[in-house]
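Taking it in order: structure first as structure tokens, then the write-up.
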Amino acid sequence: MSKYRNLLLGLAVAGTLCGTSAYAGPFGLGREALPEEVEAWNTDVRPDGQGLPEGSGSVADGETVFAEQCAVCHGDFAEGVDRWPVLAGGHGTLKSQNPVKTIGSYWPYLSTVYDYIERAMPFGNARSLSSDEIYGIVAYLLYMNDLVDDEFVLSKDNFTEVHLPNEANFIADDRPDTPSVTEAEPCMTNCKESVEITARARIIDVTPDVVDGAEGGEEPAAAGEDSAAAEPAAQEDQVATAAPAFDAALVEEGAGLFKKKCGSCHSAEEGKNKVGPSLHAIYGQPAAGVEGFTKYSKNMKASGLTWDTANLEQFLTKPKDLVKGTKMSFAGLKKDGERAAVIEYLKSLTPTN
Amino acid sequence: MKKEPTDIRSDGRESDNGRRRFLKGSLAALGGVAATSVAARAATPDPDIMEVQEWNQALGDGVAARPYGMPSQFEKNVVRRDVEWLTASRESSVNFTPLHDLDGIITPNGLCFERHHGGIAEIPPEKHRLMINGLVDRELVFTMDDLKRFPRVNRIFFLECAANSGMEWRGAQLNGCQFTHGMVHCVQYSGVLLKTILEEAGLKTNAKWLMPEGADASGMNRSVPVEKALDDCMVAFSMNGEALRPEQGYPLRLVVPGWEGNMWVKWLRRIEVGDEPWHTREETSKYTDLLANGTARRFTWVMDAKSVVTNPSPQAPLKYKGPNVLSGLAWSGRGAIKRVDVTLDGGKNWVTADIQGPVLPKCLTRFYVNFEWDGKPLLIQSRAIDDTGYVQPTKNELRQARGTNSIYHNNGIQTWHVRENGEVENVEVS
């Protein structure tokens, strides 16, 4: 095996010698990464500041960007909407029954905040923020965690001077932390006198209902008798059926796109508002009009728009171009066909059409 | 999905010792079982036998009808499932392998649990690149075709999410081993040893850490020590003989055997080499284990030995008195499974299960116990021991050591309570 490998290596080296450059490994596979290619991808930031780009941002700059880009999920004050992450507060909770792990209360390094925003935020529109915007957001998050004052400006130069309060409370992995066979051979017989049930999942009852087996609260057939397998319950598809007036294929395509591209924040069910409003029957209706939805931006409320095809077409291309300051953090559907399909689907959700 | 009781060991010898020892154990546990009943006689002939069935007469689909074969229409319930309230969005979420519907040690590709942080990236392979940069002699870019020209290896490994069973720290919560233990799968990977690729780039002497990075919308990144990378990590493009599934990182993923699933970066596009760890979001804010005293363990990579009885379990109740097969899975990130013990009485008495090979390091291992059920309630547990001597702890032992805020690395012993009607519930016992 190793002989063969040596032979291979030998051949590879020989090939390299009569070939091109010394810039090749044992197999001569791949090619040199160009400096600009490395720069394009090498955006990661470490606690010692390695990788930080030039730039700066103030708490006030950050507040503006945060309100536009982040608050829809994280809340205006980084308090977290629904189940989206809480980014501020939580001090003194780590030993409690309900630890709140925020940047201020838990995260050890500020560089992680920059690195993560740069690569993954805003959710669904990653890598769209400038360095200055990210510095600003990080400054604002420090401010919301009471770690800097409102005049603070974060930059590449002062970044590593900021230390997060919980840094010292991370320790190395010291497992195993339970007995191994060298300490005690596991007991095999008469190990306990009595056994009591101390907790039951049924009491909490948070298991999703599924169609097979004995779940969903239904009693299974009595054991000991031949029991026919339970018939799976028919599951009604919740997606609204398109009226004949619509292009059925387009509606179907739009329904798929809606689920994939919009479903994280929007439901098509009547009355079911998520991070964004329910889009049931919004076609043909005035903007910012969904009952029970309270998180519209000022500009959306003042827009005076009606959700007709033309406006939807524009909004879905790039939301912030039509309604500056909308809280909808979405890059837009760039393909004409995709917008047409989603609009057709939205139309189909308005019963009177 | 029929499970045949196993009376013969993988080496061909009858497992007399194991069975006899177990029968004794079960007698003690159940207070005795009546003599084996004689097979019942049918009153009338079975129509399934007497009538000519449609499939026995008419022709079925021809060969071209199913270019990519799918499971039988009668297996529609064998699917991944999720728990909607767990996460804020579907794109950063998880679903669970239906362990109770599976057998053997290999997870079918379409049933391997999913965990994404920014949805499934759909990447045309010809547009995918792997870049190696940082503390190397040569910063390199590889295409998928380049990677397939390196010497190749095939290895079977389990992959477990560090948060598997994470909902159970405070007590029994979810009714089903799919939900309590389904963030694990085990497949055969084909690909290139990471060592081979790192040697191609040439590690500098101060290279101590790697940062693999994904091409998805979360840009997943983690820090991996170089010793692990050179030991047994792989860059894989195939699972169970076919290209990776999109949800498992097509066209390329990192394989970090025995270590928490989050490190197995999917849609792998870059590996940076450095002299210090990066302390990324997924190894600081997440995937650190908060202890009762408020400190938190970090870089808790290895998945400790764990096991679970998959049948019976809440989604797979007991249907018959008399002979039954208890089936389960065991695994350890530290090595190979050496032994699995099973109790039917909540831990008073244990018997050693019959392990049906292969037994491979850092791989799911299947065990069985053949038992007679007399219709009385059971409290079933399993306890894995690996070849380092690590013993799967009880949940209370874990809580004593760590408290209940750790979220991750809950490998405590699971208890299933079988009621007299055969229904099974997730419980905890004293």
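Residues that are assigned to a helix (DSSP H, G or I) and among the hydrophobic types (A, V, I, L, M, F, W, C) were ranked within region A:249-299; the one that is nearest to the chain's Cα centre (by Cα) is A:C262. Of B:S93, B:S72, all but one fail to be without any contact (Cβ under 8 Å) to a residue 40 or more places away in the chain and either among the basic types (K, R) or within 22 Å of A:T207 (Cα to Cα) (or both); the exception is B:S93. Residue-level check: of (1) in contact with a helix residue (DSSP H, G or I) (Cβ under 8 Å, 6 or more places away or on another chain); (2) crowded, with 24+ Cβ neighbours inside 10 Å; (3) in contact (Cβ under 8 Å) with a residue 60 or more places away in the chain, B:G214 misses just (1). Scanning region B:233-266 for residues that are touching a Pro at 6+ places or on another chain (Cβ under 8 Å) and either within 27 Å of A:V113 (Cβ to Cβ) or surrounded by fewer than 20 Cβ atoms within 10 Å (Cβ to Cβ) (or both) yields a count of 5. Looking at B:E122, B:E168, B:E160, B:E139, just one residue is acidic (D, E) and surrounded by fewer than 19 Cβ atoms within 10 Å (Cβ to Cβ), and that residue is B:E122.
Annotation: of all residues in region A:175-214 being under 30 Å from B:T388 (Cβ atoms) and more than 7 Å from chain B (Cβ to nearest Cβ), the one that is surrounded by the most Cβ atoms within 10 Å (Cβ to Cβ) is A:C187. Every condition in (1) within 13 Å of another protein chain (Cβ to nearest Cβ); (2) surrounded by fewer than 24 Cβ atoms within 10 Å (Cβ to Cβ); (3) in contact with a helix residue (DSSP H, G or I) (Cβ under 6 Å, 6 or more places away or on another chain); (4) of a type outside the set (D, E) holds for B:L230 except the one numbered (1).
For every residue, the table says whether it meets (1) crowded, with 19+ Cβ neighbours inside 10 Å; (2) among the hydrophobic types (A, V, I, L, M, F, W, C); (3) farther than 17 Å from A:L346 by Cβ; (4) touching an Asp or Glu at 6+ places or on another chain (Cβ under 8 Å).
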| site | (1), (2), (3), (4) |
| --- | --- |
| A:G256 | no, no, no, no |
| A:K259 | no, no, no, no |
| A:H266 | yes, no, no, no |
| A:E270 | no, no, no, no |
| A:Q285 | no, no, no, no |
| A:T306 | no, no, no, no |
| A:D321 | no, no, yes, no |
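Within region B:189-209, the residues that satisfy the criterion of being more than 22 Å from B:P246 (Cα to Cα) and within 12 Å of another protein chain (Cβ to nearest Cβ) are B:K195, B:T196, B:I197, B:L198, B:E199, B:E200, B:A201, B:G202, B:L203, B:W209.
On the stretch given as region B:146-205, residues that are among the polar types (S, T, N, Q), without any contact (Cβ under 8 Å) to a residue 60 or more places away in the chain and in contact with a Phe, Trp or Tyr (Cβ under 9 Å, 6 or more places away or on another chain) total 3. Report whether or not B:S285 is at the interface with chain A (Cβ under 7 Å from one of its Cβ atoms), among the polar types (S, T, N, Q) and not in a helix (DSSP H, G or I). Criteria met by B:S285.
Annotation note: Cβ proximity below 7 Å between a residue of region A:256-269 that is without any contact (Cβ under 8 Å) to a residue 12 or more places away in the chain and a residue that is assigned to a loop (DSSP other than H, G, I, E, B) (sequence gap 6+ or interchain) occurs for A:G263/B:R90.
For region B:315-326, a residue qualifies if it is touching a residue at least 60 places away in the same chain (Cβ under 8 Å), assigned to a loop (DSSP other than H, G, I, E, B) and touching a Phe, Trp or Tyr at 6+ places or on another chain (Cβ under 7 Å), and exactly one does: B:L318.
Once region B:385-401 is narrowed to residues that are over 17 Å from A:C191 (Cα atoms) and more than 7 Å from every other protein chain (Cβ to nearest Cβ), the residue that is surrounded by the most Cβ atoms within 10 Å (Cβ to Cβ) is B:D386. Within region B:405-414, the only residue that satisfies the criterion of being facing chain A (nearest Cβ under 8 Å) and within 13 Å of A:Q97 (Cα to Cα) is B:N405.
Matching residues to (1) crowded, with 20+ Cβ neighbours inside 10 Å; (2) within 14 Å of chain B (Cβ to nearest Cβ); (3) over 20 Å from the mean Cα position of the chain (by Cα):
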position	(1), (2), (3)
A:E36	no, yes, yes
A:N42	no, yes, yes
A:R46	yes, yes, yes
A:A60	no, no, yes
A:T64	no, no, yes
A:C73	yes, yes, no
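Matching residues to (1) in contact with a Phe, Trp or Tyr (Cβ under 6 Å, 6 or more places away or on another chain); (2) surrounded by fewer than 24 Cβ atoms within 10 Å (Cβ to Cβ); (3) within 29 Å of B:E260 (Cβ to Cβ):
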| residue | (1), (2), (3) |
| --- | --- |
| B:M303 | no, no, yes |
| B:G328 | yes, no, yes |
| B:G335 | no, yes, yes |
| B:L344 | no, no, no |
| B:A353 | yes, no, yes |
| B:P358 | no, yes, yes |
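Evaluating B:K266 against the criteria (1) touching a Gly at 6+ places or on another chain (Cβ under 7 Å); (2) outside any loop (DSSP other than H, G, I, E, B); (3) within 21 Å of B:H116 (Cβ to Cβ); (4) not hydroxyl-bearing (S, T, Y) leaves one unmet condition, (2).
Of all the numbered requirements in (1) more than 25 Å from A:P176 (Cβ to Cβ); (2) in contact with a helix residue (DSSP H, G or I) (Cβ under 9 Å, 6 or more places away or on another chain), B:T352 misses one, and that requirement is (1). Among the residues of region A:300-314, the ones that are part of a loop (DSSP other than H, G, I, E, B) and in contact with a helix residue (DSSP H, G or I) (Cβ under 9 Å, 6 or more places away or on another chain) come to 3 in all. For first residues located in region A:156-173 and within 13 Å of chain B (Cβ to nearest Cβ) and surrounded by 14 or more Cβ atoms within 10 Å (Cβ to Cβ), partners that are aliphatic (A, V, I, L, M) and in a loop (DSSP other than H, G, I, E, B) and lie 6+ apart or on another chain with Cβ distances below 8 Å form the pairs A:L164/A:I103; A:L164/A:L147; A:P165/A:L147; A:N166/A:L94; A:N169/A:L94.
The residue pairs whose first member lies in region A:98-110 and is facing chain B (nearest Cβ under 9 Å), whose second member is surrounded by fewer than 22 Cβ atoms within 10 Å (Cβ to Cβ) and not in a loop (DSSP other than H, G, I, E, B), and whose beta carbons are closer than 6 Å, counting only pairs six or more residues apart or on different chains, are A:P108/A:E167; A:P108/A:F170. A single member of B:P317, B:P312 is out of contact with any Gly (no Cβ under 7 Å at 6 or more places or on another chain) and either of a type outside the set (S, T, N, Q) or at the interface with chain A (Cβ under 10 Å from one of its Cβ atoms) (or both), and it is B:P312. Given the structure, is B:I407 within 21 Å of A:T178 (Cα to Cα) and modelled with pLDDT of 95 or more? So B:I407 passes the test. Consider region B:338-350 and keep the residues that are at the interface with chain A (Cβ under 8 Å from one of its Cβ atoms) and of a type outside the set (S, T, N, Q). The one that is nearest to the chain's Cα centre (by Cα) is B:D341.
The values are calculated or read from the model by the stated rules, or taken from the named source; none is laboratory data. Just so you know, these numbers come straight off a predicted model, no measurement behind them. Cβ coordinates were reconstructed from backbone atoms using ideal geometry, including for glycine residues, and neighbour counts include every protein chain displayed.
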